[in-house]
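**Q** Here it is, the structure in full.
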Amino acid sequence: MSNEETTRSGVSRQGEPIIKCEEVHKWYGNFHVLRGINMNVQKGEVVVIFGPSGSGKSTFIRCINRLEEHQKGRIIVDGIELSHDVRNIAAIRKEVGMVFQQFNLFPHLTVMQNITLGPIYVRKWDKKKAEEIAMQLLERVGIPEQAHKYPGQLSGGQQQRVAIARALAMQPKIMLFDEPTSALDPEMIKEVLEVMEELAESGMTMLVVTHEMGFARAVADTMYFFDQGQIVETGTPEDIFLNPQEDRTKLFLSQILQH
Amino acid sequence: MTTLTPTKDILPPPTERITILGWMKKNLFGSIGDTILTIVAGSFLIWLIYAIGNWIFNTAQWAAVTDNLQLYMKGQYPGSEDWRLWLLLFLLGLLVGLSWGIFLKRAEAVGWVLLIIPIVLAIWLFTLGRQSWMYFLFVDALAIVGYFLGKRYPKKLARPTYILILLYMPLVILVVRGFSEDGFMKLVPTNLWGGLLLSLLLAIFGIVFSFPFGVLLALGRQSKLPALKTISVVYIEVIRGVPLITLLFMGQLMLPFFLPAGITIDRVIRATVAIIMFAAAYMAENVRGGLQSIPKGQYEAADALGLSGFQKMIFIVLPQALRAVIPVLVGQFIGLFKDTSLVALVGLLDLLGIARGILANPNYIGRQLEVFAFIALIYWVFSYGMSYGSRRLEIALGVGER
C-alpha cells in the first residue's frame, strides 16, 4: 500500500474523498456477497477493481449508484449519504455516470437522442445546448458521423463509445464502468480503452471493473483485488503487478496475465 | 504450404427465369401425386366458386339487405339528420387524405387502395338506384384533395391536421348526438342510434379508452406499492374471469337498482363502459407481457441516467413494450370490434341487433343466409382493414428488426 501523498496522476490522497465506503455489507438472500468493504476514492482518482467472477466487484460498484442496495455500512458519494431517501438517490445519480457491459443503449432512439435524453429531462437543459454537448462528446469518442443512426446499426465498439458519451453528457463527477469491454470483440476493445484512457487523463474520477490489465497499468492510480466479497489487496499498479503480497492475488494474476 | 488463389470476380447469384407455365409445371404438376391433388383441389375450388356465385346472383333474394340499407348503416337515425353523418364521413376522408400527404414520405400504394372501397360502394349503390353513390365518390374526391394539399403545404397544415385528428372523436359524439331542442343540430337520443354507426362508435370508444386504462393497470400490477398492485390484480383477475355478456347484463339490468331513483345513465354509455372495462383487463395482460420482454438493462440504464419513474416509463419502457405487443393488441382490437355485437343481446340495435330485427319482419322470413352473409362481410371488411393496418404499422415502426 503506497504512502505517497499524491497518486501517479497527481491526485492528492489527502482531503475529503469523493466516495467513502465504510464496512459495506450486502446479502443476496442468504448469500453474503459483500463482506465489509472499506474504500475511499479521491476526486480525479482512477480506481481499477479486479478479481474472479462472483467476487462482488460488479455488485459493489452497482451499490454506488443504488442499482443495488447495501444492507449494512455506509456509502457516501460527493457528501451525500446513500440511504432509502429517494431524493438522495436522485441527487447521487445525477453526479454518477455508468457504462454497462451490455451497453444498454435505447434501441428505439437515435444515437443523438440517446445522448441528449438525460441532459434534457434530468438536467433540464434546452435541446440546443444538449445537442451541442452531444456532438462534442461524439467527436471526443471518435464517431460524430453516427449521430443520427440507431444503435442497431452500429458495431459493438461504436455502441459502447456512444454509451460512454451518453454517460458523459450528464457531466457527472464520477464515472462507473462495469466490465465495459467484456462483451466486445478483440478488435473493438482497443478503441474503447483508448477513450477510457483519454478520459482518465482528463481528470475524471473513475471506478472501473475490468480484466484489462494493460489499461490498469497505463492509467490506474489504485487497484483493488476483490475475492469472495472482500478486498484482499490494494495498491498502485506497480505494487500489484511487481510486488503482490497475498497468495490469492499472486494466483489470480498468474492466471489472468497468462494470455 | 499451399497458397490460396483468391476467387476472381464477385458474381451475381444465378437467376432462374420464372414463367407462369414453368411455375405451374413445377409446383402444380411436378409429380403424379401433385397432379392428382391439383386436379382434385382445382375441381373443388371451381365448383365452390360456381356454387357461391350462383347463390349470390341467382338463388339469393337480396331484398332483405337492399331494402334496409339505411337501417344496417345507421339504425333508426332520422333521415332528416343524415347530412350530419355524411359531413363526418367527408371530414374523415379529408383528414385521411391530409395525413397521407403530410406524414407519408411517398405515395404508398396502400393509400390508393383505400380509395377503392368508396368506389366499390358507389358502384353498388348506383346499381341499386340510390343517390348516396355520389356522396361516396365525394369522400374519395376529398381524400385526394386532402392528399395533394398535404403534400403541397406539409409544414403549415401539420398542426391543424393534428388538432383535427385529436378533436375528431369528440366532434363525432357532438355531431351525432346534437344538442338543440329542435331545428338545426337537433338532439338525436341514443336509442335511435343503431346499425354499423353504433357498432363503430362502441368499438372505437372501447378501443381508444381501454388502451390507456389497460396500460395503467399493467403498470399498477408491476408497482411496488401494495395497494396499487392489489387493486390492479383483483380487477384484472375478476374481469378476465367473466364473459363480456355478463358485464353487459349487469350494466343494463342491475345498475338501475343501485342508482338513486330518477337518475338514469344512458344505455349506450352503460354498454360502452362495460366494453371498456372488459377490454382494459385483457389489454393490461398483453402490455404486461411486453413490459416483461424488455431486458432489465434498459431499466438500469434509465435509472443510472437519473430518469424518474415516470420518465423511464414514457421514454424508455413503454415505447419498447408497446412496439413489441402491437400484433397482440391489434388482435385484441379486432376481437373487441366483433364482441360489440353482444350488445344486441341487451337490446341495443347495433349491426347484429338490426339484422335480427329485420329477420323478424314477416316480409323477410327465411332470409337468414343473405342477411348474415351481408353483416359478416361488413365485419370482415373492418377486421381485415385493422389487421392490414397493423401490419403496415409494424413495418413502419420496424418491429422485429432491431
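**Q** May I ask you to say which residue of B:PHE372, B:PHE337 is open to solvent by 50 Å² or more (accessible area, probe 1.4 Å), at pLDDT 85 or above and not aliphatic (A, V, I, L, M)? Explain how you work it out, then say what you get.
**A** On the way: B:PHE337 fails: open to solvent by 50 Å² or more (accessible area, probe 1.4 Å).
The conditions single out B:PHE372.
**Q** Which one of A:ALA200, A:ALA216, A:ALA163 is within 14 Å of chain B (Cβ to nearest Cβ), buried (at least 20 other Cβ atoms within 10 Å of the Cβ), assigned to a helix (DSSP H, G or I) and under 14 Å from the mean Cα position of the chain (by Cα)?
**A** Values: A:ALA200 fails: within 14 Å of chain B (Cβ to nearest Cβ); A:ALA216 fails: within 14 Å of chain B (Cβ to nearest Cβ).
Only one candidate passes the filter, namely A:ALA163.
**Q** Condition check: within 23 Å of B:ILE334 (Cβ to Cβ) and open to solvent by 80 Å² or more (accessible area, probe 1.4 Å). Does B:ILE207 satisfy that? Outline the logic, then answer.
**A** Working: within 23 Å of B:ILE334 (Cβ to Cβ): yes; open to solvent by 80 Å² or more (accessible area, probe 1.4 Å): no.
In short, no.
**Q** If you go through the range B:294-307 one residue at a time, how many are open to solvent by less than 50 Å² (accessible area, probe 1.4 Å), facing chain A (nearest Cβ under 8 Å) and more than 17 Å from A:THR116 (Cβ to Cβ)?
**A** Adding up the residues that qualify gives 4.
**Q** Also: Assigned to a helix (DSSP H, G or I), touching a residue at least 40 places away in the same chain (Cβ under 8 Å), open to solvent by 20 Å² or more (accessible area, probe 1.4 Å) and out of contact with any strand residue (DSSP E or B) (no Cβ under 9 Å at 6 or more places or on another chain): does that describe B:VAL328?
**A** Numbers: assigned to a helix (DSSP H, G or I): yes; touching a residue at least 40 places away in the same chain (Cβ under 8 Å): yes; open to solvent by 20 Å² or more (accessible area, probe 1.4 Å): yes; out of contact with any strand residue (DSSP E or B) (no Cβ under 9 Å at 6 or more places or on another chain): yes.
Yes, satisfied.
**Q** Let me ask something additional. For the structure I just gave you, tell me whether B:MET313 is part of a helix (DSSP H, G or I), in contact with a helix residue (DSSP H, G or I) (Cβ under 6 Å, 6 or more places away or on another chain) and more than 25 Å from B:LEU349 (Cβ to Cβ).
**A** Working: part of a helix (DSSP H, G or I): yes; in contact with a helix residue (DSSP H, G or I) (Cβ under 6 Å, 6 or more places away or on another chain): no; more than 25 Å from B:LEU349 (Cβ to Cβ): yes.
The answer is no for B:MET313.
**Q** What are the residue pairs meeting all of these: first residue in the range B:30-42, first residue surrounded by 11 or more Cβ atoms within 10 Å (Cβ to Cβ), second residue part of a helix (DSSP H, G or I), Cβ atoms under 9 Å, and 6 or more apart or on different chains?
**A** B:ASP34/B:ASN27; B:THR38/B:MET24; B:THR38/B:ASN27
**Q** Now for a different question. Please enumerate the residues belonging to the range B:223-248 that are at pLDDT below 90 and either surrounded by 12 or more Cβ atoms within 10 Å (Cβ to Cβ) or touching a Cys at 6+ places or on another chain (Cβ under 9 Å) (or both).
**A** Correct list: B:SER223 only.
**Q** Which residue, of A:ALA130, A:ALA147, A:ALA134, A:ALA91, is among the small types (Gly, Ala, Ser) and within 12 Å of another protein chain (Cβ to nearest Cβ)?
**A** Numbers: A:ALA130 fails: within 12 Å of another protein chain (Cβ to nearest Cβ); A:ALA147 fails: within 12 Å of another protein chain (Cβ to nearest Cβ); A:ALA134 fails: within 12 Å of another protein chain (Cβ to nearest Cβ).
Of A:ALA130, A:ALA147, A:ALA134, A:ALA91, the one residue that is among the small types (Gly, Ala, Ser) and within 12 Å of another protein chain (Cβ to nearest Cβ) is A:ALA91.
**Q** In the range B:258-272, what residues are open to solvent by 70 Å² or more (accessible area, probe 1.4 Å) and closer than 25 Å to B:SER341 by Cα? Write out each step before concluding.
**A** Initially, the range B:258-272 is screened for residues open to solvent by 70 Å² or more (accessible area, probe 1.4 Å), giving B:258, B:260-264, B:267, B:269.
Passing the criteria: B:THR264, B:ARG267, B:ILE269.
**Q** Go through the residues of the range B:284-293 one by one and say whether even a single one is touching a Ser or Thr at 6+ places or on another chain (Cβ under 8 Å) and either assigned to a helix (DSSP H, G or I) or open to solvent by 40 Å² or more (accessible area, probe 1.4 Å) (or both). Spell out the reasoning first.
**A** To start, the set of residues in the range B:284-293 that are touching a Ser or Thr at 6+ places or on another chain (Cβ under 8 Å) comprises B:284.
Of the ones still in play, those that are also either assigned to a helix (DSSP H, G or I) or open to solvent by 40 Å² or more (accessible area, probe 1.4 Å) (or both) are B:284.
The answer is yes, given that some residue of the range B:284-293 is touching a Ser or Thr at 6+ places or on another chain (Cβ under 8 Å) and either assigned to a helix (DSSP H, G or I) or open to solvent by 40 Å² or more (accessible area, probe 1.4 Å) (or both).
The rows are residues; the columns are (1) more than 24 Å from the chain's Cα centre (by Cα); (2) not β-branched (Val, Ile, Thr).
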residue: B:THR35; (1), (2): yes, no
residue: B:MET73; (1), (2): no, yes
residue: B:GLN76; (1), (2): no, yes
residue: B:GLY79; (1), (2): yes, yes
residue: B:GLY93; (1), (2): no, yes
residue: B:THR127; (1), (2): yes, no
residue: B:GLN131; (1), (2): yes, yes
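**Q** Return only the number of the condition from (1) closer than 27 Å to B:PHE205 by Cβ; (2) in a helix (DSSP H, G or I); (3) open to solvent by less than 80 Å² (accessible area, probe 1.4 Å) that B:LEU167 does not satisfy.
**A** In the conditions (1) closer than 27 Å to B:PHE205 by Cβ; (2) in a helix (DSSP H, G or I); (3) open to solvent by less than 80 Å² (accessible area, probe 1.4 Å), B:LEU167 misses (3) alone.
**Q** Then there's this: Taking the range B:67-109 as the region of interest, how many residues are among the β-branched types (Val, Ile, Thr) and open to solvent by 30 Å² or more (accessible area, probe 1.4 Å)?
**A** Applying the first criterion (among the β-branched types (Val, Ile, Thr)) to the range B:67-109 yields B:96, B:102.
Remaining after also requiring open to solvent by 30 Å² or more (accessible area, probe 1.4 Å): B:96.
Qualifying residue count for the region: 1.
**Q** Quick one: count up the residues across the range B:340-364 that are surrounded by fewer than 18 Cβ atoms within 10 Å (Cβ to Cβ) and in a loop (DSSP other than H, G, I, E, B).
**A** Result for the range B:340-364: 3.
**Q** Would you confirm, using the coordinates I've provided, whether B:ILE378 is more than 14 Å from chain A (Cβ to nearest Cβ) and either assigned to a helix (DSSP H, G or I) or open to solvent by 60 Å² or more (accessible area, probe 1.4 Å) (or both)? Working first, answer last.
**A** Values: more than 14 Å from chain A (Cβ to nearest Cβ): yes; either assigned to a helix (DSSP H, G or I) or open to solvent by 60 Å² or more (accessible area, probe 1.4 Å) (or both): yes.
Judged against the criteria, B:ILE378 is a match.
The values are calculated or read from the model by the stated rules, or taken from the named source; none is laboratory data. None of these values were measured; they are calculated from a predicted model. Counting neighbours? That spans all protein chains shown, and the Cβs are built from the backbone with ideal geometry, glycine included. Accessible surface is based on the protein model in full, side chains and every heavy atom, while ligands, DNA and RNA are left aside. Shrake-Rupley method; radii C 1.70, N 1.55, O 1.52, S 1.80 Å.
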